[in-house]
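First the structure, in the form of structure tokens, and then the observations on it.
The values are calculated or read from the model by the stated rules, or taken from the named source; none is laboratory data. Bear in mind that the values here come from a model prediction, so they are computed numbers and not experimental data. Glycine also receives a Cβ, built like all others from the backbone with ideal geometry; neighbour counts cover every protein chain displayed.
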Amino acid sequence: MPPVLFPALTWPLLLAFAAGSLAPTGKIPTAAPLRSRTFSFDYTTRVHDLPAGARQLDLWLPVPHTDKSQDIANLKITSPYPYEILTGQYGNKVLHLQVKDPQPAGFAVTMAVQAERREHINPMLSPEPPKKAPKEAADPNMTRWLEADKLVPLDPKIRLWALEVVAKANARTDLEKAQAIYNHVVSTVTYDKTGQGWGRGDIYYACDARRGNCTDFHAVFIGYCRALGIPARFSIGFPLPPERGTGEVKGYHCWAEFFTKETGWVPVDASEAAKNPARRNYFFGAHDENRLEFSRGRDLTLNPKQQGSPLNYFIYPYAEVDGQPFAAVDKQFLYRDLTAGKK
């Protein structure tokens, strides 16, 4: 099924964006202080109803990392068993523990951290961009960000659909092509978590159903970018409500970045843009501070390697009993703001 195209009345505006004749609106100038947020985050896992006679339980949890957009401090693990924190693919941090002859009642593990998350804005997309993109450390996985994922193949049909989108927008540079893809995804996919099939980040599901959650939005964005030779990478973590306070986070959130030589890495959040049309321009070139990243990439092999298949993405606990995936794992995520932050 070919991708849904924009209504005709929107094309003059989109073409102007692609050509660079319209400056983005809603952007925060790079001279303005970036917003930040400091909070505690508790990640609790409970393994229960273990089968009688089980010989070995392995449990893996994602651990948030420090990078240019967030600082992680005061990591505290509460566990009845010894554990190790290792580095996995793409620099992801992985907590692993192994229990011999686990008791059927199970046990709980709590991970508590203090985080400062900063707004991430690419200065090259601001109203007054600098002459050169700021220097960034080279990503050692750049080749990987051009390759397919299991649920995001880069076959001739996907390439054809991506080419149709950028041709309609008359996009020529990589930045213009990424902008056209973003506009297309935000305008033609609806944030809708009803029915079956959503949430897996399956590009064919998203292109057919034209609805889903953040994984589905970014499967299309990342897949179309990669199909045209534009590196794009996937990140997943947890969202925080904009209002400061204390509460429970019910589920994950994911987002993306793409790379051009002229701009460096550019943050995008297509699903948040679709949910909030007033911020569509903002989320092409920015991630707000109301999130916490835990891991990057898809089709992940953990450390130590799990016996099951690679994980589609890694944000929730993953357990195996005697080498088989084990699903009786509960989880809870709580946050508490520690300062008002910069608004």
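Values computed for the structure shown
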quantity: Residues of the range 166-179 satisfying the condition of being buried (at least 20 other Cβ atoms within 10 Å of the Cβ) and over 24 Å from the mean Cα position of the chain (by Cα); calculated: 169, 171
quantity: Test for residue 96: is it closer than 20 Å to residue 268 by Cα and under 23 Å from the mean Cα position of the chain (by Cα); calculated: no
quantity: Matching residues, the range 67-87, being under 17 Å from the mean Cα position of the chain (by Cα) and not polar (S, T, N, Q); calculated: 67, 68
quantity: Single residue of 37, 46 found to be farther than 30 Å from residue 143 by Cβ, in contact with a Phe, Trp or Tyr (Cβ under 9 Å, 6 or more places away or on another chain) and of a type outside the set (Ser, Thr, Tyr); calculated: 46
quantity: Residues that are out of contact with any strand residue (DSSP E or B) (no Cβ under 7 Å at 6 or more places or on another chain), without any contact (Cβ under 8 Å) to a residue 60 or more places away in the chain and assigned to a helix (DSSP H, G or I), drawn from the range 186-204; calculated: 204
quantity: Condition broken by residue 142, with the remaining ones in (1) under 17 Å from the mean Cα position of the chain (by Cα); (2) surrounded by 20 or more Cβ atoms within 10 Å (Cβ to Cβ) satisfied; calculated: (2)
quantity: Total residues in the range 194-212, condition more than 17 Å from residue 299 (Cα to Cα), within 17 Å of the chain's Cα centre (by Cα) and surrounded by 22 or more Cβ atoms within 10 Å (Cβ to Cβ); calculated: 2
quantity: Inter-residue pairs, beta-carbon under 8 Å, first more than 29 Å from residue 233 (Cα to Cα) and in the range 83-110, second among the basic types (Lys, Arg) and not in a strand (DSSP E or B), 6+ apart; calculated: 100/55; 101/55
quantity: In the range 287-301, the residues that are more than 24 Å from residue 231 (Cβ to Cβ) and either in contact with a helix residue (DSSP H, G or I) (Cβ under 9 Å, 6 or more places away or on another chain) or surrounded by fewer than 22 Cβ atoms within 10 Å (Cβ to Cβ) (or both); calculated: 290
quantity: Residues located in the range 266-325, provided they are over 25 Å from residue 182 (Cα atoms) and touching an Asp or Glu at 6+ places or on another chain (Cβ under 7 Å); calculated: 306, 307, 308, 310, 319, 320
quantity: Failed item, numbered, when residue 256 is tested on (1) outside the structural domain of residue 205 (by TED's automatic domain parsing); (2) assigned to a strand (DSSP E or B); calculated: (1)
quantity: Subset of the range 46-87 that is among the acidic types (Asp, Glu) and more than 20 Å from residue 291 (Cα to Cα) - its residue that is surrounded by the most Cβ atoms within 10 Å (Cβ to Cβ); calculated: 58
quantity: Residue within the range 158-165 that is in contact with a Leu (Cβ under 7 Å, 6 or more places away or on another chain), surrounded by 20 or more Cβ atoms within 10 Å (Cβ to Cβ) and either touching a residue at least 12 places away in the same chain (Cβ under 8 Å) or over 26 Å from residue 217 (Cβ atoms) (or both) present; calculated: yes
